[in-house]
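Comments concern the structure below.
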Amino acid sequence: MKEINWQDFEQVELRTGTIIEVMEFPEARHPAWKLVIDFGAEIGIKKSSAQITDLYNREELIGKQIVAVINFPPKQIGPFMSECLVTGFSQEDGSVVLAVPDKVTANGLKIS
């Protein structure tokens, strides 16, 4: 494991957001959802592609708070432009468990 210093960590904008829309992404190489996420008034709405279809269906994702990196450059994924990275924990079987706040928080809060 590579060690980083505090200044490196401070550069990563890990923020809370609420999923407000979930769409199918049939063009993705691996099963994924297209997500629209509200990060509050200061940051606004961002889109992301997330390979979380093994454990999460559309209905349970709507309204779910997540943690995402919002300061990576946008990434083209097929015909879709992903604007943030939704965080999660990869399990041995390849499924991903979302990293989420354990209590409801305001959208846009930064991990500290």
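The values are calculated or read from the model by the stated rules, or taken from the named source; none is laboratory data. No experiment lies behind these values; they were computed from the predicted model shown. Backbone-built Cβ (ideal geometry, glycine too); neighbour counts: all protein chains shown.
General observations
For every residue, the table says whether it meets (1) at pLDDT 95 or above; (2) touching a Ser or Thr at 6+ places or on another chain (Cβ under 9 Å); (3) among the hydroxyl-bearing types (Ser, Thr, Tyr); (4) under 25 Å from Gln11 (Cα atoms).
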| site | (1), (2), (3), (4) |
| --- | --- |
| Ile45 | yes, no, no, yes |
| Ile52 | yes, yes, no, no |
| Gly63 | yes, yes, no, no |
| Val67 | yes, yes, no, yes |
| Pro73 | yes, no, no, yes |
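- Hits in region 72-112 (condition: touching a residue at least 40 places away in the same chain (Cβ under 8 Å) and in contact with a Lys or Arg (Cβ under 9 Å, 6 or more places away or on another chain)): Ile77, Gly78, Phe80, Cys84, Leu98, Asn107, Gly108, Leu109, Lys110, Ile111
- Any hit, region 65-84, residues being of a type in the set (Ser, Thr, Tyr) and crowded, with 19+ Cβ neighbours inside 10 Å: yes
- Selection of region 66-93 for residues being in a strand (DSSP E or B) and among the hydrophobic types (A, V, I, L, M, F, W, C) yields Ile66, Val67, Ala68, Val69, Ile77, Phe80, Met81, Leu85, Val86, Phe89.
- Options Gln51, Gln91: the member that is surrounded by 18 or more Cβ atoms within 10 Å (Cβ to Cβ) and among the polar types (S, T, N, Q): Gln51
- Residue identified as among the aromatic types (Phe, Trp, Tyr), at pLDDT 95 or above, closer than 22 Å to Pro79 by Cβ and surrounded by 14 or more Cβ atoms within 10 Å (Cβ to Cβ) among Phe25, Phe39: Phe25
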